[in-house]
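Working notes, structure below.
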Amino acid sequence: MPGVANAPVAPGAPTPQSDPLADFLRSLEPRLQQAMSDSLLIYRNAPRITKAVDKKRLIFGEPTTPLHLIEWTDIRCPHCKHLEDALSEMRRVAPVGSWSEEARHFPLDSECNPHAQRSDGSGVSCLAAKLQICLAGDAKEFNRVRGTMFKEQRTLTRDRIWQITTTDTKQRKKLESCIKSPQTAKTLREDIDYAIQHKLEGTPLVVINNRKATALPAMIYTMIMVMGRDNDPGFKVLPPPNTQP
């Protein structure tokens, strides 16, 4: 992920000579600085849709962290995989207790999502979304299964999803029952409806502290650095935005 590998792990206390946020932003190439500026404008103009943290859906961090990120993904979306790779790096380098991550789902398949325009008939996206809902509450297992599915997204099949998830017959039957349950269907509908409230324009959708953001990794990382303060003085080093609100 551009810039993050060499970024400071915490903003710390700025000195007269150095502002960690400003230093990080200056280290980015001009194209990325402009993207950051545009992303910040989008975030600042996004309406706040207040919703409590769903502790069961947390896959990283604690519900009381200064920055709470919600992501909506589709397991076959390449951009979603790139975001997951970037977030994985952020989990490694960001200070403990600085942010949390909540996973939600927006399968791009009309078989289970009325807002999707088509279906490829494979059922992969719908199965993956429902299975992840059924794995909620066990962050370690959730992340293992989802991480492997993302790695294999180009060749993923329904059979392979089950091979990744479990080889235990009893566990599979339990999960199959969960996938078919009305409650799982209801949870998926709620995820989809919540995404639409934030005016989803494609996956992945990222919401930071109840406001729609962009999936730009540098944007997410800087917001973690400043604990969600989009008015931090360090942002002043960015060029003027060229994106209209």
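Bear in mind that the values in this text are calculations on the coordinates, not laboratory data. Small disclaimer: the values here were computed from a predicted structure and weren't measured. With ideal geometry, Cβ positions are generated from the backbone for all residues, glycine too; neighbour counts draw on all protein chains shown.
Do you know which residues across region 175-189 are surrounded by 13 or more Cβ atoms within 10 Å (Cβ to Cβ) and assigned to a helix (DSSP H, G or I)?
L175, E176, C178, I179, T184, A185, T187, L188, R189
What's the number of the condition I42 fails, among (1) under 17 Å from A86 (Cβ atoms); (2) in contact with a Lys or Arg (Cβ under 9 Å, 6 or more places away or on another chain); (3) of a type in the set (A, V, I, L, M, F, W, C)?
Only one criterion is unmet by I42, namely (1).
Can you say whether S125 is in contact (Cβ under 8 Å) with a residue 40 or more places away in the chain, assigned to a helix (DSSP H, G or I) and polar (S, T, N, Q), as far as the supplied structure shows?
Details: in contact (Cβ under 8 Å) with a residue 40 or more places away in the chain: yes; assigned to a helix (DSSP H, G or I): yes; polar (S, T, N, Q): yes.
So S125 fits the description; yes.
Working only within region 130-171, note down all residues that are buried (at least 18 other Cβ atoms within 10 Å of the Cβ), part of a helix (DSSP H, G or I) and aliphatic (A, V, I, L, M).
Listed by number, the residues that qualify are L131, I133, L135, V145, M149, I161, I164.
Which of (1) in a strand (DSSP E or B); (2) among the aliphatic types (A, V, I, L, M); (3) touching a His at 6+ places or on another chain (Cβ under 8 Å) is the odd one out, the single condition I59 does not satisfy?
(3)
Got a sec? Which of R118, R91 is of a type in the set (K, R) and not in a helix (DSSP H, G or I)?
On inspection, the qualifying residue turns out to be R118.
Provide a single number: the residues in region 76-105 that are over 12 Å from the mean Cα position of the chain (by Cα) and under 30 Å from D120 (Cα atoms).
3
Just one of R44, R26 is out of contact with any Ser or Thr (no Cβ under 7 Å at 6 or more places or on another chain), within 23 Å of E101 (Cα to Cα), of a type outside the set (A, V, I, L, M, F, W, C) and part of a helix (DSSP H, G or I); which is it?
Numbers: R26 fails: within 23 Å of E101 (Cα to Cα).
Only one candidate passes the filter, namely R44.
Is it true that some residue in region 196-205 is part of a helix (DSSP H, G or I) and either free of Cβ contacts under 8 Å to residues at least 24 places away in the same chain or under 20 Å from E111 (Cβ atoms) (or both)?
yes
Go through region 63-88 residue by residue and tally those that are among the small types (G, A, S) and either buried (at least 21 other Cβ atoms within 10 Å of the Cβ) or assigned to a strand (DSSP E or B) (or both). Steps first, please.
So the first thing to find is which residues in region 63-88 are among the small types (G, A, S), and the list is 86, 88.
Now narrow it down to the ones that are either buried (at least 21 other Cβ atoms within 10 Å of the Cβ) or assigned to a strand (DSSP E or B) (or both): none.
Summing the residues that are among the small types (G, A, S) and either buried (at least 21 other Cβ atoms within 10 Å of the Cβ) or assigned to a strand (DSSP E or B) (or both) in region 63-88 gives 0.
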